[in-house]
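Just below is one structure, and these are the notes that go with it.
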Amino acid sequence: MPIGDIIYVGGIGTCVVIDVVGGVMYLAKKAKSSNKEKATDIPSWAKGKKPRAGESGKEFAKRVMDERYGKDNYRTGPGSEYNKLKKYGDRGGN
(Lines give C-alpha, C1' and ligand atoms only; values in the text may rest on other atoms or scores of the structure.)
Protein backbone atom coordinates (compact mmCIF):
# COMPACT_ATOMS: atom_id res chain seq x y z
CA MET A 1 0.00 0.00 0.00
CA PRO A 2 1.46 3.42 -0.98
CA ILE A 3 2.58 5.89 1.68
CA GLY A 4 -0.04 8.59 2.21
CA ASP A 5 -3.04 6.35 1.51
CA ILE A 6 -5.93 6.76 3.91
CA ILE A 7 -7.47 3.59 5.33
CA TYR A 8 -10.06 2.73 7.96
CA VAL A 9 -8.92 0.50 10.83
CA GLY A 10 -11.69 -0.95 12.97
CA GLY A 11 -11.56 0.26 16.57
CA ILE A 12 -9.09 3.03 15.70
CA GLY A 13 -10.72 5.00 12.92
CA THR A 14 -9.25 6.72 9.90
CA CYS A 15 -5.48 6.30 9.55
CA VAL A 16 -2.76 7.36 7.12
CA VAL A 17 -0.05 4.97 5.93
CA ILE A 18 3.26 6.57 6.94
CA ASP A 19 5.71 3.77 6.12
CA VAL A 20 5.97 0.11 5.05
CA VAL A 21 9.08 -1.73 6.23
CA GLY A 22 9.60 -5.48 5.72
CA GLY A 23 5.90 -6.07 5.11
CA VAL A 24 4.87 -4.19 8.28
CA MET A 25 2.60 -1.21 7.73
CA TYR A 26 3.05 1.77 10.06
CA LEU A 27 0.01 4.00 10.52
CA ALA A 28 -0.75 7.36 12.04
CA LYS A 29 -4.20 8.42 13.13
CA LYS A 30 -5.63 11.02 10.75
CA ALA A 31 -6.16 14.48 12.24
CA LYS A 32 -9.74 15.61 12.72
CA SER A 33 -11.09 18.34 10.47
CA SER A 34 -12.78 21.37 11.99
CA ASN A 35 -16.20 20.84 10.34
CA LYS A 36 -16.31 24.60 9.76
CA GLU A 37 -16.95 24.88 6.09
CA LYS A 38 -16.93 27.90 3.89
CA ALA A 39 -20.10 29.91 4.54
CA THR A 40 -22.16 30.54 1.42
CA ASP A 41 -25.70 30.90 2.82
CA ILE A 42 -26.11 34.68 2.79
CA PRO A 43 -29.17 36.78 1.94
CA SER A 44 -29.67 37.26 -1.81
CA TRP A 45 -29.58 41.04 -1.41
CA ALA A 46 -26.05 40.78 0.05
CA LYS A 47 -24.54 38.72 -2.78
CA GLY A 48 -21.52 40.50 -4.21
CA LYS A 49 -20.68 42.33 -0.97
CA LYS A 50 -17.26 41.49 0.43
CA PRO A 51 -15.47 42.24 3.70
CA ARG A 52 -12.89 44.99 3.50
CA ALA A 53 -9.24 44.20 4.10
CA GLY A 54 -8.70 43.51 7.81
CA GLU A 55 -12.44 43.63 8.59
CA SER A 56 -13.72 40.87 10.89
CA GLY A 57 -16.92 38.96 10.20
CA LYS A 58 -18.65 40.86 12.99
CA GLU A 59 -17.58 44.24 11.59
CA PHE A 60 -18.60 43.20 8.07
CA ALA A 61 -22.06 42.03 9.18
CA LYS A 62 -22.65 45.20 11.23
CA ARG A 63 -21.61 47.47 8.35
CA VAL A 64 -23.80 45.69 5.77
CA MET A 65 -26.82 45.39 8.08
CA ASP A 66 -26.54 49.05 9.18
CA GLU A 67 -26.49 50.10 5.50
CA ARG A 68 -29.61 48.03 4.75
CA TYR A 69 -31.76 48.47 7.88
CA GLY A 70 -30.31 51.42 9.78
CA LYS A 71 -28.06 51.45 12.82
CA ASP A 72 -28.78 48.44 15.09
CA ASN A 73 -32.31 48.01 13.67
CA TYR A 74 -32.12 44.21 13.06
CA ARG A 75 -32.02 40.84 14.81
CA THR A 76 -28.64 39.27 15.63
CA GLY A 77 -29.61 35.82 16.95
CA PRO A 78 -29.15 32.35 15.48
CA GLY A 79 -30.36 32.03 11.89
CA SER A 80 -30.62 35.79 11.41
CA GLU A 81 -29.32 37.62 8.34
CA TYR A 82 -26.74 39.27 10.62
CA ASN A 83 -25.44 35.88 11.80
CA LYS A 84 -25.24 34.51 8.24
CA LEU A 85 -23.28 37.57 7.12
CA LYS A 86 -20.97 37.30 10.13
CA LYS A 87 -20.16 33.66 9.33
CA TYR A 88 -19.70 34.56 5.65
CA GLY A 89 -17.24 37.30 6.63
CA ASP A 90 -15.29 34.99 8.93
CA ARG A 91 -15.26 31.85 6.80
CA GLY A 92 -15.74 32.56 3.16
CA GLY A 93 -16.12 36.16 2.24
CA ASN A 94 -12.62 36.84 0.96
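Quick notes on this structure:
- Thr76 being of a type in the set (S, T, N, Q), at pLDDT 90 or above and part of a loop (DSSP other than H, G, I, E, B): yes
- Considering the range 47-68, the residues that are of a type in the set (Lys, Arg) and either assigned to a helix (DSSP H, G or I) or surrounded by 15 or more Cβ atoms within 10 Å (Cβ to Cβ) (or both) include one that is modelled with the lowest pLDDT, namely Lys49.
- Residue check: Lys71 meets all listed conditions (1) assigned to a loop (DSSP other than H, G, I, E, B); (2) modelled with pLDDT under 90 but one, namely (2).
- Output for the range 50-94, where each listed residue is β-branched (Val, Ile, Thr) and touching a residue at least 12 places away in the same chain (Cβ under 8 Å): Val64
- Looking only at residues of the range 21-46 that are closer than 18 Å to Arg91 by Cα and at pLDDT 90 or above, we find that the one that is surrounded by the fewest Cβ atoms within 10 Å (Cβ to Cβ) is Ser44.
The values are calculated or read from the model by the stated rules, or taken from the named source; none is laboratory data. This structure is a prediction, so every number in the text was calculated from the model and none was measured. Positions of Cβ are backbone-derived with ideal geometry, glycine not excepted, and every protein chain shown enters the neighbour counts.
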